[in-house]
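Report on one structure; see the data block that follows.
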Amino acid sequence: MEHFTPAKVSKHLTPKNLTIAIVGLVVIVLLASSVFVVGQAEQAVITRFGRYEGDVRGPGLQFKIPFVERSHIVNTGAVQTEQFGFRVTGTGGRTAHTRHFGEATMLTGDLNIVEVEWIVQYRIADPVAWTFNVMERIPTIRDVSRSVINQFVGDRTIMDVMGRERSAIESEARVRMSEFFNEYGLGIDVITVQLLNVGPPAGVQHAFEDVNIAIQDMERLINDGMRAFNETIPRARGEAERMVLVAQGFEAERVNRARGDVARFLAVLEEYVRAPVVTRRRLYYEMMEYIFSNMEGTVLVDHNLRNFLPLLNLQQ
């Protein structure tokens, strides 16, 4: 094994070797500072002497001028999430849910206290605006989100916030947040605003559950009444229409029959005027025929006949 003595070391540290070592070290540093990698979901914003010159680079191995250009890596593909009123943290495969009452506690329009937990999901759409326009980006997102949710919750009653107005709050909040972020030039697109846990404080939870049960019973009774109304009213209307149609048919029948009787009477009257005797006799015969048409076993005896006893139904 060779031992390096001061003489041998001084022999190797010649000016030439020292120059070569320094040059090699400089080359390594320059190469390390000039090469960088941009991920598949990322974009790199390049500045030259601290000024943006319109250079944005995509995924892959990229190069820059050492000490002159600087790269700002921005994740534009991932959906980022901000949590409000709670935090979910995980270590070692376990997750912990901690509540932040300062963010969750709000005042509704009917002066009730409600606790709201929600999330905001967004994606960076403009890496240049995200890099340069706003310095405190995450605090700005959180402050705008809290302001918007507090506004929409404060405009509604507590039952609306907990019930039928949740989806309306989510959609309107997403639109309003997008307007604020566009105005600030933050360069992000809001994808989702979702209310998770909405309810009263723990001290009045039982009272609100009783109120909810009463409201559900009220809505059930209203629905039962509406169902009975929808079943009874159409049936009554149909019966009324049927009776009206029957009456109209009876009216048409009586009118038509009366008109037929009038027409027949006028026809007979016209014949009677022409030949009264003949017409009177014909009417008499027709009436007798009509009267005796349904009678059986009838014998007509002339009441002027003196020789025979007028008897009827001698066979019986």
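Pairs linking a residue in segment 131-147 that is assigned by TED's automatic domain parsing to the domain that holds R174 to a residue that is β-branched (V, I, T) and in a loop (DSSP other than H, G, I, E, B), with Cβ atoms under 6 Å and 6 or more positions apart or on different chains, are T140/V134. Counting only residues that are closer than 15 Å to N197 by Cβ, polar (S, T, N, Q) and either surrounded by 13 or more Cβ atoms within 10 Å (Cβ to Cβ) or not assigned by TED's automatic domain parsing to the domain that holds P139 (or both), segment 76-126 holds 2 of them. Per the listing S171, S145, the residue uniquely modelled with pLDDT of 90 or more, over 20 Å from the mean Cα position of the chain (by Cα) and part of a helix (DSSP H, G or I) is S145. Applying the criterion of being under 14 Å from L196 (Cα atoms) and part of a helix (DSSP H, G or I) to the residues of segment 154-167, the residue that is nearest to the chain's Cα centre (by Cα) is S167.
For every residue, the table says whether it meets (1) surrounded by fewer than 12 Cβ atoms within 10 Å (Cβ to Cβ); (2) in the same structural domain as W130 (by TED's automatic domain parsing); (3) among the hydrophobic types (A, V, I, L, M, F, W, C); (4) in contact with a helix residue (DSSP H, G or I) (Cβ under 7 Å, 6 or more places away or on another chain).
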position	(1), (2), (3), (4)
Q151	no, yes, no, no
D155	no, yes, no, no
D160	no, yes, no, no
E165	no, yes, no, no
E170	no, yes, no, no
R174	no, yes, no, no
G187	no, yes, no, yes
D210	yes, no, no, no
M226	yes, no, yes, no
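Looking at (1) modelled with pLDDT of 90 or more; (2) in a strand (DSSP E or B), which is the only condition A78 fails? (2) is the only condition that A78 fails.
Of all residues in segment 182-219, those satisfying the criterion of being at pLDDT below 90, in a helix (DSSP H, G or I) and among the polar types (S, T, N, Q) are Q205, N212, Q216. Is it true that T47 is of a type in the set (S, T, Y), more than 44 Å from the chain's Cα centre (by Cα), within 28 Å of D126 (Cβ to Cβ) and surrounded by 10 or more Cβ atoms within 10 Å (Cβ to Cβ)? Yes: the conditions hold for T47.
The values are calculated or read from the model by the stated rules, or taken from the named source; none is laboratory data. Quick caveat, the model's predicted, so the values are computed rather than measured. Counting neighbours? That spans all protein chains shown, and the Cβs are built from the backbone with ideal geometry, glycine included.
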